[in-house]
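Written below as structure tokens is the structure these notes are about.
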Amino acid sequence: MLQRHTVDTTVVAPADRFGMWLDLIARTSAPLRIHSDHTADFAARADVVELGPIQLISYRYPSLHAVRPRKLVRCSDPEVYSLALTTTGRSGISQHGRSSGFDTADFTFYDCSQPHEVSHTGRHAGREPATTVAALVPHAALPLPVDRLAPLFAGRLSGTAGLGALLADYLVRITRHPEQYHAADADRLGTVGLDLISTMLGRYLVSEDEVPAEVRRRALLTRIRAFVRENLDDPALAPRTIADAHHVSVRSLHRLFEAEETTVAEYVRTSRLERCRRDLADPTLRDRPVQVLALRWGFQDKAHFSRAFRAAYGTTPQAYRREQARIVNEQASTVNSDGGKSPHTGDGPVTG
């Protein structure tokens with residue numbers, strides 16, 4: 001599963017919780033002066049998921065107001081943007097002389113390297129915690145310069161329509177269920193998230209024809225990859241059907257993948273093999289014949305599947321399944337021999 005670091009202030013005494021939260025914020029985004037009516041017992045939680053070029057953080061905390069003045073900016077410059085989705089409660093932000101207020105399912109975008117103010121009030125006049133999901137994006141990771149992005153700072157961006165809705169679902173799904181994704185896919189998932197963020201911001205700034213070519217290329221590639229993943233069970237999935245579904249020529253499709261150091265056919269085959277590998281390692285599918293699993297992901301020829309699997313992973317599908325079953329059994333034996341005790345997990349703050 002994706003690696004998730006959790007900071008829960010309730011593991012320390014109430015008097016120490018607010019200080020623990022300030023330390024977390026200083027090391028994951030940027031130091032802030034935070035004011036809250038709940039400093040005597042600041043029960044809060046943050047789940048941090050690292051996705052290659054970006055970092056996702058799911059926050060839950062009492063109502064607060066935070067200020068990042070110029071003095072703190074001079075002391076520490078993280079050189080990151082924050083794209084924050086309000087998931088419960090009502091939020092407000094000010095930056096560059098602009099102020100906005102927004103409700104649940106709205107995004108706001110701001111530069112952590114510049115002075116700003118943010119506030120967040122939980123539901124029922126602050127009696128319930130407020131929640132947010134934020135994507136922290138390095139300046140260098142976006143293909144748009146700071147001065148081009150400045151008109152979006154402290155603005156309201158919809159999280160319920162178009163690309164905003166797609167991005168909101170992406171951020172919430174990954175932060176709530178990191179166990180559904182492989183750690184090896186973290187960089188790729190981060191790239192997908194970065195593509196969605198770049199495209200959404202670009203759409204708010206300029207017309208589609210003026211969106212930088214690289215942003216449009218990455219956005220198209222993201223849509224094509226999603227289409228491939230959704231249709232891996234179709235034996236007829238091929239460059240022609242993929243190109244037709246996205247209204248581009250087969251030649252343009254092949255050109256799009258040249259920069260990815262793979263071909264369209266290789267991407268389809270690799271995606272199918274990865275799904276098969278995952279199923280072969282799944283104990284709940286152990287009674288399914290290998291050929292059935294191969295058919296499930298578009299491999300119609302058993303011999304061809306076996307050759308492709310061996311070429312990719314250095315072993316046969318049957319041998320891989322046996323090895324995974326052995327590993328699971330050894331892990332179960334280790335846990336049982338330890339009396340069923342759970343491993344100790346640290347309760348300190350996450351490091352940035």
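The values are calculated or read from the model by the stated rules, or taken from the named source; none is laboratory data. Source: prediction; values computed, not measured. A quick note on method: Cβ atoms are made from the backbone with ideal geometry, for glycine too, and the neighbour counts reach across all protein chains shown. Surface accessibility is based on the protein's heavy atoms, side chains included, excluding ligands, DNA and RNA. Shrake-Rupley method; radii C 1.70, N 1.55, O 1.52, S 1.80 Å.
A Cβ-based charge dipole, computed about the Cα centre of the stretch 1-133 with Lys and Arg at +1 and Asp and Glu at -1, lands at about 240 debye. For the chain, the membrane-span-like helix rule (DSSP H, alpha carbon extent of at least 18 Å along the helix axis, mean Kyte-Doolittle at least -1.0) picks out 14-28, 162-176, 186-205, 213-230, 264-280; this says nothing about an actual membrane.
At full extension, Arg127 and Ala226 could sit 31.6 nm farther apart than now, given 0.36 nm per residue minus the alpha carbon distance. Once neighbouring chains are kept in place and the probe is 1.4 Å, which whole percent of the accessible area of the chain is contributed by carbon and sulfur? Answer for the chain is 50 percent, counting heavy atoms of protein chains only. Computed from label points 7 Å out along Cα-Cβ, the spacing between Arg307 and Ala26 is 6.2 nm.
Each Cα pair of the chain feeds into the Kirkwood radius, which the Stokes-Einstein equation turns, at 4 °C and 1.567 mPa s, into a diffusion coefficient of 57 µm²/s. Across the stretch 101-118, rounded Karplus estimates of 3J(HN,Hα) from the backbone phi angles (6.51 cos²θ - 1.76 cosθ + 1.60, θ = phi - 60°) give x, 7, 10, 3, 6, 9, 9, 9, 10, 8, 9, 5, 8, 10, x, 6, 10, 9 Hz, Gly and Pro being marked x. Of the residues Asp111, Asp16, Asp147, ranked by 1.4 Å probe accessible area with the largest first, the sequence reads Asp147, Asp16, Asp111.
The H on the amide N of Val80, modeled in the peptide plane, is under 5 Å from the matching H of Cys112, Ser113, His139, each at least 5 residues off or on a different chain. Please find, in a Gaussian network model of the chain (springs between Cα atoms separated by less than 10 Å), the residue of Ile327, Ile224, Ile93 whose mean-square fluctuation is greatest. Largest GNM mean-square fluctuation: Ile327. Once a ≥ b ≥ c are taken as the square roots of the eigenvalues of the Cα gyration tensor of the stretch 52-91, is the result rounded (a/c under 1.5), prolate (a/b larger than b/c) or oblate (a/b not larger than b/c)? Taking the square roots of the gyration eigenvalues as a ≥ b ≥ c, the stretch 52-91 is oblate. Note on the stretch 230-306: Rg/Rh from Cα positions, Kirkwood definition for Rh, rounded to two decimals, is 1.05. Name the most mobile residue of Gly162, Gly89, Gly52, meaning the one with the largest mean-square fluctuation, in a Gaussian network model of the chain with Cα contacts below 10 Å. Fluctuation is largest for Gly162.
Here the chain carries DSSP beta bridges of which approximately 100% are antiparallel, counting only pairs with both residues inside. Using a Gaussian network model of the chain in which every pair of alpha carbons under 10 angstrom is joined by a spring, one finds that among Thr175, Thr160, Thr315 the greatest mean-square fluctuation is at Thr315. When the helices of the chain are scored as -39500 (n - 2.57) per DSSP H run of n ≥ 4 and the total is divided over every residue, the value at 222 nm lands at -13500 deg cm²/dmol. Each Lys and Arg adds +1 at its Cβ and each Asp and Glu adds -1 at its Cβ; summed about the Cα centre, the chain shows a dipole of about 460 debye. Taking Lys and Arg as +1 and Asp and Glu as -1, the other residues whose beta-carbon sits under 12 Å from that of Ala245 total -1.
Only one residue of Tyr204, Ala325, Ser158 has its Cα farthest out toward the positive end of the dipole of the chain, where Lys and Arg carry +1 and Asp and Glu -1 on Cβ, and that residue is Ala325. Per residue, the accessible area of the stretch 40-106 comes to 41 Å² when a 1.4 Å probe rolls over the protein heavy atoms. Computed 3J(HN,Hα) for the stretch 79-86, one whole-Hz value per residue from the Karplus formula 6.51 cos²θ - 1.76 cosθ + 1.60 where θ = phi - 60°, is 6, 9, 9, 10, 10, 10, 9, 6, glycine and proline marked x. Extension gain, His182 to Asp244, is 19.3 nm, computed as 0.36 nm per intervening residue step minus the present C-alpha separation. In plain terms, the chain from His5 to Asp233 could stretch by 78.6 nm, reckoned as 0.36 nm per residue minus the Cα-Cα distance. Accessible surface of Tyr204, taken over heavy atoms with a 1.4 Å probe and every protein chain present, rounds to 100 Å².
Think of the chain as having a plus end and a minus end, set by charges on the Cβ of Lys, Arg, Asp and Glu; of Pro53, Gln180, Ile93, Gln180 sits farthest toward the positive end of this dipole. Rounded to the nearest Hz, the phi-derived 3J(HN,Hα) couplings of the stretch 42-50 under the Karplus curve 6.51 cos²θ - 1.76 cosθ + 1.60 (θ = phi - 60°) are 8, 7, 9, 8, 9, 10, 10, 10, 8, where x marks glycine and proline. Using a probe of 1.4 angstrom and keeping all protein chains present, the accessible surface of the stretch 127-260 works out to 49 square angstrom per residue.
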